[in-house]
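Notes for the one structure printed next.
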Amino acid sequence: MMGKTHGRFRMALAGAAMSALIFAAAPAVAETPADTLVQAWAIDDIITMDPGEAFEISTGEITGNTYDMLVRLDINDTTNVVGGVAESWTLSDDGLTYTFKLKPDLKFASGNPITAEDVAWSFERAVKLNKSPAFILQQFGLTGDNVTEKAKATDPLTFVFTVDQAYAPSFVLNCLTATVAAVVDSKLVKEHVAAVTPSDEYMFDNDFGNDWLKTNYAGSGPFKLREWRANEVVVLERNDNYYGPKPALLRVIYRHVKESATQRLMLEKGDIDVARNLEPGDYEAVSQNADLATTSAPKGTVYYISLNQKNPTLAKPEVREAFKWLVDYDAIGSTLIKGIGEIHQNFLPKGVLGASEDNPYKLDVAKAKELLAKAGSPDGFNVTMDVRSSQPVTGIAESIQQTTGQAGIKIEIIPGDGKQTLTKYRARNHDIYIGQWGVDYWDPNSNAETFTSNPDNADDSPNKTLAWRNAWDVPELTAATKAALLERDNAKRADMYKELQKTFLETSPFVLIFQQTEVAGLRNTIKGYKLGPTFDTNFVGPVTK
């Protein structure tokens, strides 16, 4: 199924010019269609388009533009949320029941009306599918057995959500901005539900349309998904049923182009409108070109390496610490991520409540060797690192390979595309993994939950956090993470997260390297293009040409 597209959504390209735009080498002087935004971006991490399953950076952006949620992050003031399909909401005095009133007369792209039943079924399918992002909803006490009672429609425009504890309201609302809470067209998806035998993949006897929705679309956002071909192209088309401001553009095309230099060349020639993976040198060159422009924004995304604690050597505390002294942060900061990132050694990105800016580690091979000797590995050891074949990740991996080699650690880099490396990582079959993590919602628990919480370290755990992926069993930190979640005083809560980060820095199998500054190069004819604070808030609806 992967990479194939249902017939009704196959792209009917408008003539040979559009075909040439996507599939053929461009002429020396090119111009993209006036009604189409063409972006070059590395999209090889896309595994599925189902918002109940997708948990990848690229898919998050697609989902953010094609689906709507009850509430959205206010990108102009990230301390607030604003209504999506919800017009208003109230909270009960005991802090447990959230009641949402939907905006009237809304429609999905299919033309079906949006009702509170659609919202309730979207929650039910996400929880029962139990895919990677499901924990964002399950953490409120939702299970397959109780979700229909805890998340239900009481009339066509009223959705009632009951949580198990009186959490900070901002935390609950921010979680509901996550793409797993996208509202799907239940009538349309139910036409494509397949019967399955309950198994490790599916908890129940049907797939809730998961197989169909991997490559199809059932949303209500400003754009609708027209087509996705894995490692090639994603095509979005304007949704004329969207209730908000209609996009000025008819379509948006994401072309899979991994190399920064290629993206820059395509941008200079006019083959594309936006380049998304520019490395520092290319970004600087674009900024000096009178025909082009640049834009950037701090992102709630951190890059890290992690050590699988199933590997007995990597599980030694001294080895974990040694790795933190074997990264040349200064060199990486001044070259590989210049202009596109900032050295940041904590799991909470700057701008989030309680974020620490303490960066205690630097390259110190002698100190690392002392630690390795204490761990019983004075001559180092051999280990593998799974690396997505894109920049700056590959360059960082090669830098770490070189500096760890100075301490006798011989790293074999195993390259792969985003899907390959993520699949292996999620199965806990790696030694070392280098990756990125973008906040799922603008609250400190988003990253604390995944980096410092591992409620169940079993291979079949339903809570597949990053701590779990690396088999880091930390009951005390897990409890501290939960306690911070229940603190309703923001100042006290911030202090709790700072303490969590301090312990994490000293003991974790994660080496945080930098926080992303997302950049883009664009033709100077493009207006209204703005990068958001999270991976799912790069909205293309306001863009004009």
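Bear in mind that the values in this text are calculations on the coordinates, not laboratory data. Bear in mind the structure is a predicted one, so any value in this text is a computation, not a measurement. Here the Cβ positions follow ideal geometry from the backbone for every residue, glycine too, while neighbour counts run over all protein chains shown.
Starting from the Cα-Cα distance between residue 398 and residue 250, subtract it from 0.36 nm times their residue separation and give me the gain in nm to one decimal. Intermediate results must be reported in sequence, preceding the final value.
On the way: separation 148, 0.36 × 148 = 53.28 nm, distance 4.19 nm.
Between residue 398 and residue 250, full extension yields 49.1 nm more.
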Item checked: the range 299-517, dipole about Cα centre (Lys/Arg Cβ +1, Asp/Glu Cβ -1), debye to the nearest 20 -> 220 debye
Next item on the list: Note the full-extension length gain between residue 483 and residue 76 as 0.36 nm times their separation in residues minus their Cα-Cα distance, in nm to one decimal.
Entry: 143.6 nm
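Quick check: net charge around residue 66, other residues with Cβ under 13 Å of its Cβ, Lys/Arg +1 and Asp/Glu -1?
On the way: positive: 224, 226, 238, 251; negative: 50, 61, 68, 185, 227, 237, 536.
Here the count lands on -3.
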Notebook entry, point to check: Taking the C-alpha atoms of the range 276-321, how large are the radius of gyration and the largest Cα-Cα span, Dmax, in Å?
Noted result: 19.2, 55
Item checked: Whichever lysines have a C-alpha closer than 27 Å to that of residue 492, once near sequence neighbours (fewer than 8 apart) are set aside -> 299, 350, 482, 502
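Starting with the highest mean, order 497-505, 412-420 by the number of other Cβ atoms within 10 Å, averaged over the residues of each peptide.
Highest-to-lowest ranking by the protection proxy: 497-505, 412-420.
Answer rounded, prolate or oblate for the range 210-249, using the Cα gyration tensor with square roots of eigenvalues a ≥ b ≥ c: rounded when a/c is under 1.5, else prolate when a/b is larger than b/c, else oblate. Mind showing how you got there, number by number?
Details: a/c = 4.25, a/b = 1.60, b/c = 2.67.
Verdict is oblate for the range 210-249.
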Checklist line | the range 252-351: relative contact order as a whole-number percent, Cα under 8 Å and 6+ apart | finding: 24 percent
Item checked: Given charges at Cβ of Lys, Arg, Asp, Glu: the chain dipole, positive-most of 508, 468, 327 -> 327
Checklist line | residue 94 versus residue 460: modelled label distance in nm, points set 7 Å from Cα along the beta carbon direction | finding: 3.4 nm
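Largest first and in whole Å, what are the equivalent-ellipsoid semi-axes of the range 68-211 based on the Cα gyration tensor, each being the root of 5 times an eigenvalue? Present the calculation step by step, with values, prior to reporting the outcome.
Values: eigenvalues 115, 68, 38 Å².
Output for the range 68-211: semi-axes of 24, 18, 14 Å.
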Next item on the list: Under a cut-off of 14 Å between alpha-carbon atoms, report the aspartates and glutamates in cross-link reach of residue 131, not counting same-chain residues fewer than 8 places apart.
Entry: 50, 53, 56, 200, 201, 207, 211, 460
Next item on the list: Determine which lysines satisfy two conditions relative to residue 269: a Cα distance under 27 Å, and not lying fewer than 8 residues away in the same chain.
Entry: 258, 338, 527, 530, 545
Notebook entry, point to check: Using +1 on the beta carbon of Lys and Arg, -1 on that of Asp and Glu, and nothing else charged, what's the dipole of the chain about the Cα centre, debye to 20?
Noted result: 800 debye
Next item on the list: Return the calculated 222 nm mean residue ellipticity for the chain, to the nearest 500 deg cm²/dmol, obtained by summing -39500 (n - 2.57) across DSSP H runs with n ≥ 4 and dividing by the residue count.
Entry: -8000 deg cm²/dmol
Note to self: Quick check: residue separation of residue 350 and residue 290 times 0.36 nm, minus the Cα distance between them. What number comes out in nm?
What the structure shows: 18.4 nm
Next item on the list: Project the alpha carbons of the range 244-311 onto their principal axes and report the range along each, largest first, in whole Å.
Entry: 50, 37, 23
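First measure r as the distance between the Cβ atoms of residue 117 and residue 359, then evaluate 1/(1 + (r/R0)^6) with R0 = 51 Å and state the FRET efficiency to the nearest 0.05. Provide the component values of the computation, followed by the final result.
Working: r = 49 Å, r/R0 = 0.97.
Efficiency computed from Cβ-Cβ geometry: 0.55.
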Next item on the list: Evaluate E = 1/(1 + (r/R0)^6) for residue 503 and residue 527, where r is the Cβ-Cβ distance and R0 equals 45 Å; express this FRET efficiency to the nearest 0.05.
Entry: 0.45
Check: Taking every DSSP beta bridge that has both residues in the chain, what percent is antiparallel when rounded to the nearest 5?
Finding: 75 percent
Check: What is the distance, in nm, between label points placed 7 Å from the Cα along the Cα-to-Cβ direction at residue 107 and at residue 232?
Finding: 3.2 nm
Next item on the list: Mind computing the radius of gyration and Dmax over the alpha-carbon atoms of the range 299-517? Å is fine for both.
Entry: 16.4, 50
Next item on the list: Decide, for the range 210-366, between rounded, prolate and oblate: order the square roots of the alpha carbon gyration tensor eigenvalues as a ≥ b ≥ c, take rounded if a/c falls under 1.5, and otherwise choose prolate if a/b is larger than b/c, else oblate.
Entry: prolate
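Just the projected area, averaged over all directions, of the convex hull on the alpha carbon atoms of the chain: how many nm²?
On the way: hull surface 95.0 nm².
Hull-based average projected area comes out at 23.8 nm².
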Next item on the list: With label points built 7 Å along Cα→Cβ from the Cα atoms of residue 334 and residue 148, find their separation and express it in nm.
Entry: 6.4 nm
